[in-house]
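To keep things clear, I will list the structure first and then write my remarks on it.
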Amino acid sequence: RPGRACPSLPPTGTKAIAGFNTMQSNIPSGKIAFVDEILATKSNGSFRVTGHLASFDASKDVATITSTESKGKLQIRTNLLEDFPFKIGALFQFIGEFNAKEKFLRARVARNVDGMDTKLYAEAIKLCRKHGRLPM
């Protein structure tokens, strides 16, 4: 099927907002983007981003991620996530709403994607964009 090879499929094995049924709502899936692309965005929006956990402050519900494809660090607000095992250095994918004014992503979904080949993932995203199968 067209688009099946692109990494824009809905995530599986995710940790979603407690008590929130996403099957009955119109919540956007999040545009796939790299850390630097999100930080350069001038408007609010829903994004899916992947990066290594650089820091996590449980008392403030704030995590910071980095990625090999980007130079910047993205702040992730985690207050909507429940009982998620944040391990420094682990590879995570977050889906949430980006606040362009304050430059943070409020995560509503998070999943550990350790073992994912990040170079191949980035290449797949770039190829899908090149051939018009993935917006951004």
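The values are calculated or read from the model by the stated rules, or taken from the named source; none is laboratory data. Source: prediction; values computed, not measured. Counting neighbours? That spans all protein chains shown, and the Cβs are built from the backbone with ideal geometry, glycine included. Remember, those area values only see protein heavy atoms, side chains included, never the ligands or the DNA or RNA. Shrake-Rupley method; radii C 1.70, N 1.55, O 1.52, S 1.80 Å.
Just subtract the alpha-carbon distance of Asn44 and Lys60 from 0.36 nm times their residue separation and send over the number in nm, one decimal.
Gain in length upon complete extension: 3.6 nm.
Give me the percent of accessible area attributable to carbon and sulfur for region 61-136, probe 1.4 angstrom.
In region 61-136, the share of accessible area belonging to carbon and sulfur is 51 percent.
Can you list which of the chymotrypsin sites (Phe, Trp or Tyr not before Pro) found in region 75-129 are DSSP loop residues with at most 10 other C-beta atoms within 10 Å?
Nothing satisfies the criteria.
How much area per residue is accessible in region 28-70 when the probe is 1.4 Å and only protein heavy atoms are counted (Å²)?
45
Evaluate the distance, in nm, between pseudo-label points positioned 7 Å from the Cα of Ser29 and of Asp83 along their respective Cα→Cβ axes.
For the pair Ser29/Asp83, the computed spacing is 2.9 nm.
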